[in-house]
1. If you find the alpha carbon centre of region B:97-157 and of region A:133-187, how far apart are they in angstrom?
2. When you take every Cα atom in region B:90-189, what is the radius of gyration, and what is Dmax, the widest Cα pair distance, in Å?
3. Just to compare against my own numbers: the Cα pair-distance distribution for the protein assembly as shown, 10 Å bins, whole % per bin, please.
4. Using amide H atoms built 1.01 Å from N in the peptide plane, name the residues 5+ places from B:R15, or on other chains, whose amide H lies under 5 Å from its own.
5. What number, rounded to the nearest 500 deg cm²/dmol, is the helix-based mean residue ellipticity at 222 nm of the protein assembly as shown, given -39500 (n - 2.57) per DSSP H run of at least four residues and division by all its residues?
6. In percent, how large is the relative contact order of chain B, given Cα pairs closer than 8 Å and 6 or more residues apart?
7. If we hang a label 7 Å off Cα along the beta carbon direction at A:E57, how far is it from the matching labels on the other copies, in nm, shortest first?
8. Can you list which of the DSSP-assigned H helices in chain A have a Cα extent of 24 Å or more along the long axis and an average Kyte-Doolittle score of at least -0.5?
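The values are calculated or read from the model by the stated rules, or taken from the named source; none is laboratory data. Here the structure is a predicted model, which is why all the values come from computation and not from measurement. Counting neighbours? That spans all protein chains shown, and the Cβs are built from the backbone with ideal geometry, glycine included. Each accessible area value is taken on the protein alone, full model and side chains, heavy atoms only, with ligands, DNA and RNA left out. Shrake-Rupley method; radii C 1.70, N 1.55, O 1.52, S 1.80 Å.
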2 protein chains.
Amino acid sequence: MNAQSPKPSRLRDTRVTLAHGGGGRAMRDLIEEVFTDVFLPPGSEDQARLMDESLQEPGARLAFTTDSFVVTPLEFPGGDIGKLAVCGTVNDLAVGGARPLWLSAAFVIEEGTEIALLKRLVASMAREAASAGVRIVTGDTKVVGKGGCDGVFITTSGVGVIPSGREIAAPQIREGDVAIVNGVLGDHGATILAARGDLALSTPLESDCQSLNALMEAVLAAAPNTRAARDATRGGLASALNELAEEAGVTVVLEESALPLRTEVKGMCEILGLDPLYLANEGTLVVFVPEAEAEAALAAMRALPSGHDAVIVGKAVPRGTVPVVMRTAFGGQRIVDMLVGEQLPRIC
Amino acid sequence: MNAQSPKPSRLRDTRVTLAHGGGGRAMRDLIEEVFTDVFLPPGSEDQARLMDESLQEPGARLAFTTDSFVVTPLEFPGGDIGKLAVCGTVNDLAVGGARPLWLSAAFVIEEGTEIALLKRLVASMAREAASAGVRIVTGDTKVVGKGGCDGVFITTSGVGVIPSGREIAAPQIREGDVAIVNGVLGDHGATILAARGDLALSTPLESDCQSLNALMEAVLAAAPNTRAARDATRGGLASALNELAEEAGVTVVLEESALPLRTEVKGMCEILGLDPLYLANEGTLVVFVPEAEAEAALAAMRALPSGHDAVIVGKAVPRGTVPVVMRTAFGGQRIVDMLVGEQLPRIC
C-alpha cells in the first residue's frame, strides 16, 4: 500500500515518464506496482468480470454513473483527488438509492509527476473504497507530456444496484415534504480556496469529502417514503435544490436561519463576497422526505458521524414563480437562483 | 445531432469557458445542448438506472471496463477522439466475451475549445455507439483553464454482459491453438503519426478505429471453443501477444511472412525505423482458437467488413525461453519482446 512495501520496486524512476504510458513493459511495471498491487487481485484481466446476487433479484436495477476529477491542489486538508474520486462516485450512486458495488478508475498523468505522490493518491483511494464498502475493479493509465495536463486527473465510474421498489428521484417530491441536509455547508469549497494559497488565508477548515452511502441507507431505513436526494457538489446547495425543484415542479423555501454554517466559512464568504449556498461540498447531501418521516430521518442521520449536524433547512411548497426562494433572517425573501457563472474553477 | 439542429441554441459562446464547468446554469446549458440532447432521453437523472434481462439470466456475469483517451490530434483520418473512445471501450468488453450494453462518457475540456468541435466529437460518438449497438447512458463534463489540459480528454467506461458458460481468457489458451488477426496492422499508429504533421508525410492511410463486438460474436458462434482475444492497441500486436502468452504459460510463434501489412505502413516503418508489430491499432484484435476451429473462425471473420483481411499469424507452442518469437521471412528466428519504452505518445 505504500513506498515502504517489502516488495522490491521494479520502477527505476521516481517520476512518471512518457514510457509509462506506452503500453509496454514500463507501463506494466508502473500499473502493477502503483495500481493493481493495491486495488486488484493478482491476475485480473483488463476487464472486470463480476456478479452480485442483489443484481439478479427480480425488480433490481443497475445504477451507472461517472465523474472526472480535476481538483487543484491534488492534496488538501481533509482529502485528496483520490479520496474525492471515490467519494464523488459513491455519492452519485447513493443519492439515487443505489447500493454502490464496483468502481473503475482511469488516470491521466502528467509527465514528471512524482511516483510517490501517485502512490499516496492510490492508497487514499483504496482506504476510502474499503471504508465505503466498494471495490475498485478495473482501471486505466495514460501519460501525457509535460504541460499536456495539470498533474493528475482521475475519472471514476461506478456501478451499483437499486433494490426492487426503490424510486428515489426528483419527480417523487411532493408539496409539504421537508428538505434535510446532513451537515455544515461549504467546507470543501472554502478549504480548496484556502489551500490554493493565493489568498494568504490560514484556516482550520477541512474538506467534508466523505462517502454517504451508509447515511443514505440509514435514511431509507428510517424514512421508507424518502422522495429524492442530491449531493450538493459543484454549484453548492443552491444548484442542487434548483435542479430538484425544477424536476419536481415545486418551489423549495429555504430558511436562512436554519442553514448550518461554520463561523470560519461564514467569515471567509463575507470577506471574499462569496455565497455559501454556492460553495461546493463533497460529503453533503440534501434529502426530501415526507413531513411525517422527517423526525425519524433526522434521528437516523444524527446517529452517524456523517449526519451528526443534520438539520431541516426548507420545505417544498406549490410551484411559485421561481424554483428556490429563501426566507432571510430579517424576515424578507430572496430568490436563490442557479449559479450563473463560475465561482471557483477546479473544485472537484 | 449537429450544429444545424432546428432547436435554437441557448449557448451564447462559440468557445467553452470556465463557467461551463461551474455546476450552474452555463454548465447545464452546455450539457443539455451538446451532450444530453444527443445521448440521453430527456429528463435523465445524473445516474443511469438500467436493466437488461440478459444480466439476470443464471450464470451471466457483468463486465466492467474503463479507458481514458488523450489522442492528439483530436480529429484524424478515419476517426476522432470521440469515435475512438466508443470503439476502445466496446472492444475492451468484446475481447473478453462480453456483449457491450452501456457506456459512460466523461469529458475534461480545455477552456477555449470550440463548441462546434465538441459537437462534432459528440455526434461522432453517438454514430459509433448506434452502429455498435450500445447506449451512452451517463456522463460528466469538467472544464479546466487554458493550458490545464490539451484540448479534450474523454474517459469512457463500459458495462456489458458475459453470457453463462463463456470463458474467454488468456489462461484458456492451449498448445497447438492458432492466432488469427482480423486485418492489417499498424494503420492507427501510422495515421496518427502522419496526422501530427511533424514529419511532412502525406499518406492515404486511415485509422482502423472500429467497434469489434459484432466480429467477436461471429467468431464465438463459428468457433465455440475460442480461447482468448485481445485488441492490439497501445504497444501493438507484440505487446498484446506477450501479455496473452505470459498469462497462458505458452510461447507464441509468429510467422513474419503471414503478417498483414499495408505497403504504406511498411514503407513508413522502414523510413522511420519503427516496427509495425508495436504500432497501435484501434480496430484490430488477435484471437486464439483451437486448430480444428480455425477455418470456421476465419470464414466467419472474412464474412464481415471488419474481418475481411483475417489471417492466421501464428501458433501457441510449449513455453520456450521467451513468450513470443517470430520466424522471419529469411528463415531465422527473433525474439518479439514487449515494447520497452514509448514508441509514440498519445496514440489513444
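1. A separation of 18 Å, based on Cα centres.
2. 17.8, 55
3. Taking all Cα pairs of the protein assembly as shown, the binned fractions are 3, 15, 25, 26, 17, 9, 4, 1, 0, 0 percent.
4. B:I115
5. Values: 16 runs with 178 residues, N = 696.
After summing the helix terms and dividing by the residues of the protein assembly as shown, the value is -8000 deg cm²/dmol.
6. Values: 774 pairs, mean separation 75.7, N = 348.
Rounded, it is 22 percent for chain B.
7. With the label placed 7 Å along Cα→Cβ, A:E57 yields 2.4 nm.
8. A:115-132
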